[in-house]
1. Within the bounds of the stretch 307-318, is there any residue that is aliphatic (A, V, I, L, M), modelled with pLDDT of 90 or more and closer than 30 Å to Ala411 by Cα?
2. Just checking, does the stretch 321-344 include any residue being in a helix (DSSP H, G or I) and either touching a helix residue (DSSP H, G or I) at 6+ places or on another chain (Cβ under 8 Å) or open to solvent by 30 Å² or more (accessible area, probe 1.4 Å) (or both)?
3. Please go through the stretch 189-208 and pick out each residue that is at pLDDT below 80 and either within 16 Å of Ala163 (Cα to Cα) or open to solvent by less than 20 Å² (accessible area, probe 1.4 Å) (or both).
4. Hey, does the stretch 731-746 have a residue that's closer than 29 Å to Ile316 by Cβ and modelled with pLDDT under 80?
5. Going by the conditions given, is Gly439 closer than 25 Å to Arg126 by Cα, open to solvent by less than 10 Å² (accessible area, probe 1.4 Å), among the small types (Gly, Ala, Ser) and touching a Lys or Arg at 6+ places or on another chain (Cβ under 9 Å)?
6. Tell me, please, whether a residue that is open to solvent by less than 10 Å² (accessible area, probe 1.4 Å), under 21 Å from Tyr573 (Cα atoms) and not hydrophobic (A, V, I, L, M, F, W, C) can be found in the stretch 688-699.
Amino acid sequence: VRPGQTRQPDLAGGRIGSQVISLVPEAPVSSLAFGDGALSASFSTASFSSATAPAQGSAAPVDLRDTRIAELEAELARMRGEVAQLRSSRLPPDHAGATSGAAKGVATGRAVTGARSPASGAVVERDCPYPCGVNGTCNRMTGECRCPAHRTGKDCAEAMFPACANMWGYDLHVAPCGLPEATFPVTCECAEQCDSANVLMRRMCFEHRPPGDPGRDRARKWFTGATEERWLMTTMDSPDMLRIIHERAAKSREEGSCNGHGIWMPKLPRWLDPPGPVTGMPADKFDPNGPEECVCMPTHWGSRCEHDLRAISTCINDCSKHGRCVRSNCACDEGYWGVDCSLKVGAPGQYSTVDNGAVAPPNNGVAAKVFVYELPNQFTTWLAAQSNAYEWTHSWWFYDNDISLHQRFLASPYRTANPDEADFFFLPLYRSLGAYTAGWGPGVITPKGWRAFGAARDYVDRTWPFWKRKGGRDHMMVITCDVGYGTLGVWENQHFVHHSVLPRAMRPIKYILQWGGHPTRQGYDLVIPPRTPPQEVFSAAGAKHPFRCAATGPGKEASAPAKVTDKPGNYFYFRGKIILDNPVYSQGVRQAVYRAHHHREGWVISDQSTKAFYREMLEARFCFAPTGWGWGQRVFEAILSGCIPVIMQSDNLQPFEGILPWKQFAVMLNESDIPNLHEVLAAIPQAKVESMQRTLSCVWPRLTFFSSPTQRREFGDLYQVDAFDMMMLELSQHADKARGAATPSAAAGPAVHAWQNASKMLTTSVCSCVMEPSDFPQQVR
């Protein structure tokens, strides 16, 4: 068997196989698994993935090498099962016998104070049985090394994708699984391994294996077996093109072209996406004598490959100042560990401790504690290895709450390292990054994306006992898609209908979503605002912004709260997509409002963009806030601008509706109000309008995440009382409900109504707040 030879998953029937194996001669057993064997298997065979039978007559001719591969795979499957069984039983005895168990050290794991007996699932922290190298850190939850992107094994020295580790004579530290097209040429063998780990974004590969190689037959079925689960692949199978790539690569290495980080060669073909416009050059148009350019390695970019990818020097929470950032992953200092180095190794027999210096604001009603799982980096930071964003940790504004909330939980005063104290368990998964680097879907989760979610859930269930404690009902994940875990919607019987696509195995989880309509389970899932960048809104308005006193970053003078005044601009304002000929978009609301009211004086309802968007919104009295393809951004842009939002979103729960007095600062209407919208707004007394504006001056931070370093510099202490604290307050209410408590727990202080907690939060630490006693709901005056 050749080094790097792989077994391609059965794709003839449109499903991913059970495992990809790297068969390296004389390698230790641990290196035979493709990364973490159990993890890779989860990506491929999770229960939520639907399988179809292989196409008849698609079997390749019998080959002795294939027979030997099958035998080795069967043996490895047996060995993995044995390893999994040993891992699940590698637990200390109950507390009465903990002393003898702890004395065994690495052999049994580190016993935890208060751990449960094996019958109920004990808890251990495990030392790694081998060193993790200078760039790795031991994950003490699993006893496995947390390595930089696409590395694994002892000292983090093994390539997770062996076929990608060296291509065209270049040693690649990061596999080019998710690079855009027309960049570094990827061999089809490398693409197969990326796809088998569920992280392939490429749609074109170069077939370099000689005729008669069994891999070519597998690839032929794979590339032509298009299903709903995978991209169509285009195979560049041209001996002349391969010869040119090899020759130009050798010459570039010899001459040091492209700063030693790429190949100087004619422009490569690009994948085409019919029936849309041509986005690249087909293979038959490749000109070996055409214009030349640098084709950069996965970790570099620029016309001469002169720049490192920005993501490789960015890590979550800046490694908590206890580690180094190595290709988007933290290598922790001695005595620290965790995805952001925020866990400090405890004394023998004790839990690790959270070392982030976070302190909860006093008397805010939050009592819930959250345990954050240390999942393998395949689910999180590895997905950033090929991102070129300046701050990948805070770059995908509208969709990146899955990354942002992971960082907030890790650095939160509500985090616990003791699972027995936890009310909730958080499973991190960076779908927003995977959407663009692994094909997991941006607006709607793809089947590949659901495989990733299911793999995370299965990994947790297999590795720790906590899922079984309540059947997963106290576990949380984030989905920021347009309609959460639903489809984008269909038009049925004159109604806009979203259907749930949540796999059965994933249904117990509590989801943190930005969409509050169907199929979101109101009262079970959490609805939060998207991450709208407040600094952009404030910068556009300058000194005129009514909340400007809150932006007191470096070089800015503090200012007094602005008084509520009559707005000098438009009476009613909306700019954005309308799409008159599409009844599905925005549930038909944007179109109906445009047709009924765009002609009115002082009403701006337009699909024309303007650079003065935020300034115009700031000066308007009412700002229309409909949905789009899913959750709507306009609600939060209006609130940040001090403009009263007019919300027309059928049965769509807004964030924190059980806590914040939405009707005190927003106009909540139904589609039936569209014909008379002008009369409805005119009937609101001026005193009520001013009261709503004053409430907006206090409520806006509670619907804003101040998560990025830039925002923390600009808005200071508001970081401690923003939407994250509101979310934790709602989680505390969910925890009370799960315990059967009718009122907040004793740890939250006196038994108080949610409005009273809201009134405290609204008037605390917000310099722009100018609410008067009469502005609060009557029950809390």
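The values are calculated or read from the model by the stated rules, or taken from the named source; none is laboratory data. The model shown is predicted, which means the values in this text are computed figures rather than measured ones. Cβ: placed from backbone, ideal geometry, glycine included. Neighbour counts: every protein chain shown. Surface areas here come from the heavy atoms of the whole protein model, side chains and all, with no ligands, DNA or RNA. Shrake-Rupley method; radii C 1.70, N 1.55, O 1.52, S 1.80 Å.
1. Within the stretch 307-318 (the criterion being aliphatic (A, V, I, L, M), modelled with pLDDT of 90 or more and closer than 30 Å to Ala411 by Cα), the answer is yes, since at least one residue qualifies.
2. Within the stretch 321-344, one or more residues are in a helix (DSSP H, G or I) and either touching a helix residue (DSSP H, G or I) at 6+ places or on another chain (Cβ under 8 Å) or open to solvent by 30 Å² or more (accessible area, probe 1.4 Å) (or both).
3. Arg202, Met204
4. no
5. no
6. Scanning the stretch 688-699, I find at least one residue that is open to solvent by less than 10 Å² (accessible area, probe 1.4 Å), under 21 Å from Tyr573 (Cα atoms) and not hydrophobic (A, V, I, L, M, F, W, C), so the answer is yes.
Yes or no, residue by residue, for (1) open to solvent by 50 Å² or more (accessible area, probe 1.4 Å); (2) small (Gly, Ala, Ser); (3) at negative phi; (4) at pLDDT 95 or above:
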{"site": "Ala550", "(1), (2), (3), (4)": "no, yes, yes, no"}
{"site": "Pro554", "(1), (2), (3), (4)": "yes, no, yes, no"}
{"site": "Pro561", "(1), (2), (3), (4)": "yes, no, yes, no"}
{"site": "Asp581", "(1), (2), (3), (4)": "yes, no, yes, no"}
{"site": "Tyr594", "(1), (2), (3), (4)": "yes, no, yes, yes"}
{"site": "His597", "(1), (2), (3), (4)": "no, no, yes, yes"}
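Residues checked against (1) of a type in the set (Gly, Ala, Ser); (2) more than 20 Å from Asn401 (Cα to Cα); (3) open to solvent by 10 Å² or more (accessible area, probe 1.4 Å):
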| position | (1), (2), (3) |
| --- | --- |
| Gly449 | yes, no, no |
| Arg457 | no, no, yes |
| Val460 | no, yes, no |
| Gly472 | yes, yes, no |
| Val478 | no, no, no |
| Ile509 | no, no, no |
